[in-house]
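Single-structure report; data block below.
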Amino acid sequence: MKKRRIFVIRHGETDWNLAGRLQGHHDIPLNDLGREQAAKAARVVERLSGGSAGLHYVASPLSRTSQTMAILRAELGLPPDAFHRDPRFMELAFGRWEGFSWKELRRRDPNALAARRADPWNYVPPGGESYAMLSERVMPAIGDLSEDSVVVTHGGVVRAMLHALAGMPPQQAVDLPVRQGAVYLIEDGAFELAMA
């Protein structure tokens, strides 16, 4: 039986990424660098997959992920908009923290950030969700991937996937700096990070 490969890509950069703001479910579009990163990711997918036409394509429905996927598919010579959008691949909800930087939150809500540091996998931001809750949302979506797939998603989802599918410990996953435009190839309980 052929093993399933998942090519996981974090969306390209947005202006909020550049400013260090938590985006969560806010719908922020790509900036110029983000569009370049999406195009470069296409070349990595092509190199790693050995043929992009036979892959399944799915993305979070937020504009930064949908734009990344459309650019990636166009670079691969595929119809840009012919991919599945699955809301289960949306970013971790940061609730009332969205729009703020970590520096601002340390000043505004130091006790909440201390509680998060004590148990980052299970901490629920005000009005948001924990990584544990995110994993419960994402795992059924991963289970629905029956073939080799390209998934364009968000940093929090990449962390949850690396924990669930590649055995990365929760604390390490939470702290992992997930690169934009990089391809995380998950296969056989391990992952490989590839850049253009």
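Where a number appears in this text, it was derived from the coordinates with a stated rule and is not lab data. These figures come from a predicted structure and were not determined experimentally. Using ideal geometry, Cβ is built from the backbone for each residue, glycine included, and neighbour counts are taken over all protein chains shown.
Table for the structure above
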{"item": "Using alpha-carbon coordinates, inclination of helix 63-75 to the longest axis of the chain, degrees", "result": "20"}
{"item": "Relative exposure of Val150, Val178, judged by other C-beta atoms within 10 Å (fewest first)", "result": "Val178, Val150"}
{"item": "Distance between modelled label sites at Arg43 and Arg96, nm, 7 Å Cα→Cβ extension", "result": "4.6"}
{"item": "Restricting the stretch 17-124 to GluC sites (Glu not before Pro) in coil, as DSSP defines it, with at most 14 other Cβ within 10 Å", "result": "none"}
{"item": "Degrees separating the helix 131-143 axis from the principal Cα axis of the chain, which is the longest one", "result": "20"}
{"item": "Helical mean residue ellipticity (222 nm; -39500 (n - 2.57) per DSSP H run of 4+; nearest 500) of the chain", "result": "-12500 deg cm²/dmol"}
{"item": "Where labels lie 7 Å past Cα in the beta-carbon direction, separation of Ala190 and His84 in nm", "result": "2.8"}
